[in-house]
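Here is the structure we will look at, set down as structure tokens.
Quick note: the coordinates plus some simple rules give every number you see, no bench work behind them. This structure is a prediction, so every number in the text was calculated from the model and none was measured. We place every Cβ from the backbone using ideal geometry, glycine too, and count neighbours over all the protein chains shown.
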Amino acid sequence: MNIRVSDIKQYFYCPRVVYHTYFTPVHRPMTHPMELGADEHEVLSVLERRRTLACYGLEAGSRKFHVPLHAESLGLTGVLDLLIETETGAFPVEFKSTRGRLDLNAKCQLTAYAMMVEECLGVAVTQGFIYRIPTGRITPIAISESLREKTRGALRDIRRMLSDEWMPPPTPQRGKCVECEFRRFCADVL
Ligand code: SF4
């Protein structure tokens, strides 16, 4: 079974969200913030095409948007927001609709894309970028062994959860539960 890169992001937010996504049959309408996020991604994709790569600290190179990736050995699939290719390497870029700090979930999501690019293109990826849309801030992220191991660990846990149909414990950060669409299925947190 292929795991989606978005599952890794959700896993670090709350592992149980991933469980419910696969095993709890609920209708998941696109919320207003989700719609806004999708719109922002589209606008940014258009603006990005007009800019140089200097804002990434890179010189000449090519840009590909909304790149579908599938890594057989990782059992991972996803669509990368932007892939920059230069003579010196390949750089995945993720667009985020946040002004705040970058949490582990965003970094591991980028790392998952980096590992997929390595498998699909046969190149080593040492750095990627996270682009915070509201501020235009671009943050380079080193694709470290530590981030790779955390990402692989999340993949292992998600596979175990799916194969054993094992419901993980709830997030210890109960504030996340207040507006969670799955809260009625988490009776033990209420
Ligand atoms: S209600 Fe809380 S524990 Fe349950 S899935 Fe949502 S965030 Fe996780």
Query raised in the report: With (1) exposed (fewer than 13 other Cβ atoms within 10 Å of the Cβ); (2) within 16 Å of A124 (Cβ to Cβ) as the list, and E85 as the residue in question, which single condition is left unmet?
Result: (1)
Requested in this report: Scan the stretch 111-125 for residues that are hydrophobic (A, V, I, L, M, F, W, C) and part of a helix (DSSP H, G or I) and jot them down.
Outcome: A112, A114, M115, M116, V117, C120, L121
Query raised in the report: Does T139 fit the bill of being more than 16 Å from the chain's Cα centre (by Cα) and over 30 Å from S163 (Cα atoms)?
Result: no
Query - For A112: the one exception among (1) within 16 Å of the ligand (Cβ to nearest atom); (2) within 20 Å of V5 (Cβ to Cβ) - result: (1)
Requested in this report: For the stretch 169-185, indicate whether the set of residues that are surrounded by fewer than 16 Cβ atoms within 10 Å (Cβ to Cβ), more than 14 Å from the ligand (Cβ to nearest atom) and in a helix (DSSP H, G or I) is non-empty.
Outcome: no
